[in-house]
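Down below is the structure, laid out as structure tokens.
The values are calculated or read from the model by the stated rules, or taken from the named source; none is laboratory data. Keep in mind it's a predicted model, so treat the numbers as computed, not measured. No Cβ is skipped: glycine too gets one built from the backbone with ideal geometry, and neighbour counts run over all protein chains shown. The area values use the complete protein model at the heavy-atom level, side chains included, leaving out ligands, DNA and RNA. Shrake-Rupley method; radii C 1.70, N 1.55, O 1.52, S 1.80 Å.
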Amino acid sequence: MNLHRFERIWLIFGMGSLILFLAIIGFAAFWKGTHPQSHIETIDPKNVEAYEDFQPENLGLTEVEDGKYVVNVVASAFNYDLGKDENGDAVRKISVPKGSKVLFQVTTTDVVHGFQVAGTNVNMMVEPGHISRFEATMKKSGEYTVVCNEYCGVGHHLMFSTVEVYD
Ligand code: CUA
């Protein structure tokens, strides 16, 4: 079979990009652990308290063992519920030491929201009926803004929170 030179170049280019894209997907999925939310476990968005981790007293930051934390968050228009502090005020910021492993568990009671800790690789879509989980190691100190990156209504731009990583 005789292939024109340009045809051969295009074939190599086409197959090369396909292999490259599959390699990127494989890297993200198997190396970086990026997966869509599991469908094995679902949650009733109208009754998230039925799930222990999302009961009001379990929201926010908990140290589960030395250097390991869990952060439970209930997202709703237009707020991230991180529980209440000892004065009864809504928690707007969580603080963890540098190098800690933090498992974020987020669900929503209404529409689709985003949960992105800007400047880190924590970036999840939060869908009603599902629990979004991502474990990250906070390697760099600083203040990170948690933003909603899925348009969820008129107050979308007001939906944020803060994660502080201290030395
Ligand atoms: Cu929540 Cu946009």
key: Matching residues in segment 91-123 - criterion: being in contact with a Gly (Cβ under 8 Å, 6 or more places away or on another chain), more than 16 Å from the ligand (Cβ to nearest atom) and open to solvent by 40 Å² or more (accessible area, probe 1.4 Å)   = Gly99, Lys101, Gly119
note = Those residues of segment 113-153 which are in contact (Cβ under 8 Å) with a residue 60 or more places away in the chain and not in a strand (DSSP E or B) amount to Asn121, Glu127, Pro128, Gly129, His130, Ile131, Cys148, Cys152, Gly153
Residue among Thr137, Thr162 that is of a type in the set (S, T, N, Q), open to solvent by less than 40 Å² (accessible area, probe 1.4 Å), closer than 17 Å to Leu61 by Cα and touching a strand residue (DSSP E or B) at 6+ places or on another chain (Cβ under 8 Å) = Thr162
query = Restricting the search to segment 142-154, which residues are near the ligand (Cβ under 8 Å from one of its atoms) and open to solvent by less than 40 Å² (accessible area, probe 1.4 Å)?
reply = Cys148, Cys152, Gly153
task = Tell me, please, whether a residue that is of a type outside the set (Gly, Ala, Ser), within 15 Å of the ligand (Cβ to nearest atom) and out of contact with any helix residue (DSSP H, G or I) (no Cβ under 9 Å at 6 or more places or on another chain) can be found in segment 50-70.
result = no
